[in-house]
1. Where does each of Val57, Val34, Val39 land when they are ranked from fewest to most other beta-carbon atoms within 10 angstrom?
2. Treat each spin label as a single point 7 Å out from the Cα along the C-beta direction, and report the Arg117 to Thr61 distance in nm.
3. Taking the number of other C-beta atoms within 10 Å as the exposure measure, put Ile100, Ile95 in order starting with the fewest.
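Each reported figure results from applying straightforward, stated rules to the coordinates on display, with no laboratory input. Keep in mind that what you see is a predicted model, and the values were worked out from it rather than measured. Cβ sites come from the backbone with ideal geometry, for glycine too, and all protein chains shown count toward neighbours.
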Amino acid sequence: MQLRTALLPFVIFYSYPLYIPYLAIDFTNIMTTVQLEYVVAVDTHRSFVTAAEKCFVTQPTLSMQIQKLEDELSVKIFDRSKLPVVPTEIGSAIIAQARIILKENARIREIIADRKRKCRAPSK
C-alpha cells in the first residue's frame, strides 16, 4: 500500500498513458480549461459556429474538443438537435461549474500577476 502512495506524484508528471500494473491511470483524458472555455462559449452564443469564431478556432476544432469532453464524462452537454443549441439538464450543471472553474483560474492568474508586480516594484 505504501508503494502506491509513493509513486503517485511520479505518475502525475507524465502526459502520456503510463502503465503500472497496480495503478493504471490514463492521464491523456483529463479535461482542460480550453475545453471548458469552449463549452461556456457555446452556451453563451448558443451556436457552435459563433462560439468557434469568438474563440478564434475552427468549428470542427471546437466541436471535437467538446465531443472529447462529453466522451470523457460519458454525458451529453448540449442537445445538438435543437437550434439554437441548448444544454442538456446535466449540461447546465456542468456549464455552471465550468464558469466557476474559469473564474477561479483567472483569479489564480491575477494573484500571480499581482505578486510579480510587487516583487518588481522598487522599495521605498
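1. Listing Val57, Val34, Val39 from fewest to most nearby Cβ atoms yields Val34, Val57, Val39.
2. Output for this residue pair reads 3.1 nm.
3. Arranged by neighbour count, lowest to highest, Ile100, Ile95 become Ile100, Ile95.
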